[in-house]
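These notes are about the structure you will find just below.
Please treat every number below as a calculation from the coordinates, not as lab data. This one's a predicted model, so the numbers in the text were calculated from it and none came from an experiment. Methodologically, a virtual Cβ is constructed for each residue, glycine included, from the backbone with ideal geometry; neighbour enumeration extends over all protein chains shown.
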Amino acid sequence: MTYTTRIDLPPMVRQQIVKLLQQRLNDAIDLEAQLKHAHWNVKGPQFFQLHQLFDALHDDIEGAVDLIAERITALGGMADGRLSSVVKGTSLASYPLGARGGAAHLDAIASALSRFGVGMRQDTEVASHLGDTGTSDLFTQLSRETDKLLWLTEATLDEADGGEVDA
Ligand SMILES: [Fe+2]
């Protein structure tokens with residue numbers, strides 16, 4: 001559903017873009033909750049560092065949630081922030097309840113960030129193809145930010161588990 005607006009993008013384009021944005025909004029809200037889960041539940045000798053890291057990542061993703069939602073409304077759409085819709089629509093894997101130590105939580109968060117980034121990068125291309133360069137630019141910005149958050153997470157994981165070198 002899209003409302004009337006004076007934006008010069010055709011309604012059909014806006015409807016398709018709003019659908020993409022809603023999918024990424026579902027992922028972003030899920031990711032936000034997963035980061036709080038990690039922030040609260042991580043245990044081990046690196047507790048304080050990881051407790052703070054997960055909260056900092058959460059704050060970044062909270063910003064992404066708002067940017068995506070307000071792009072939906074700018075295009076005349078309705079940003080569906082209901083948790084029941086997020087549960088049905090998210091493309092992220094369910095957070096592993098068995099995660100306890102730092103490495104397990106870092107691994108779960110790295111996987112979630114990676115999945116979030118995949119959707120964002122794919123949608124950058126689709127939005128550009130549909131002629132909505134504004135949304136494409138938003139996805140580009142958010143995918144670059146997600147790459148950075150993934151780097152922070154993986155660099156910390158490297159310290160937590162001893163690390164591996166790519167062949
Ligand atoms: Fe807290």
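Order these by the 10 Å Cβ neighbour count, fewest first: R14, R100. Walk me through the numbers before you get to the answer.
Working: R14 22, R100 13.
Placing the least packed residue first, the sequence is R100, R14.
Over the chain, what is the relative contact order in percent, taking alpha-carbon pairs closer than 8 angstrom and at least six residues apart? Can you show the working numbers first?
Details: 187 pairs, mean separation 45.4, N = 167.
That works out to 27 percent.
Report, in debye and to the nearest 20, how large the dipole of segment 11-161 comes out about its Cα centre when Lys and Arg carry +1 and Asp and Glu carry -1 on their Cβ. Please list the in-between numbers first.
Numbers: 13 positive and 21 negative charges, 103 e Å.
With Lys and Arg at +1 and Asp and Glu at -1, about 500 debye.
Kindly rank 79-87, 129-137 from highest to lowest mean number of other beta carbons found within 10 Å of each residue. Walk me through the numbers before you get to the answer.
Details: 79-87: 13.8, 129-137: 16.4.
Those peptides, ordered most packed to least, come out 129-137, 79-87.
Given 0.36 nm per residue, what is the gain on full extension from V87 to V118 after removing their alpha carbon distance, in nm?
On the way: separation 31, 0.36 × 31 = 11.16 nm, distance 1.88 nm.
Contour length minus Cα-Cα distance gives 9.3 nm.
When you take every Cα atom in the chain, what is the radius of gyration, and what is Dmax, the widest Cα pair distance, in Å?
Cα only, the chain: 17.1, 56 Å (Rg, Dmax).
I'd like to verify something in the chain: which complete DSSP H helices, judged by Cα projection on the helix axis, reach 30 Å or more and average at least 0.0 on the Kyte-Doolittle scale? The partial results should precede the final answer.
Values: long enough: 11-41 (44 Å, -0.55); 47-74 (40 Å, 0.30); 102-129 (41 Å, 0.08); 133-161 (41 Å, -0.49).
Helices meeting the criterion: 47-74, 102-129.
Could you tell me which residue out of A112, L83, T124 lies farthest along the dipole of segment 11-161 toward its positive end? Charges go on the beta carbon: Lys and Arg +1, Asp and Glu -1, centred on the Cα centre.
Selected residue: L83.
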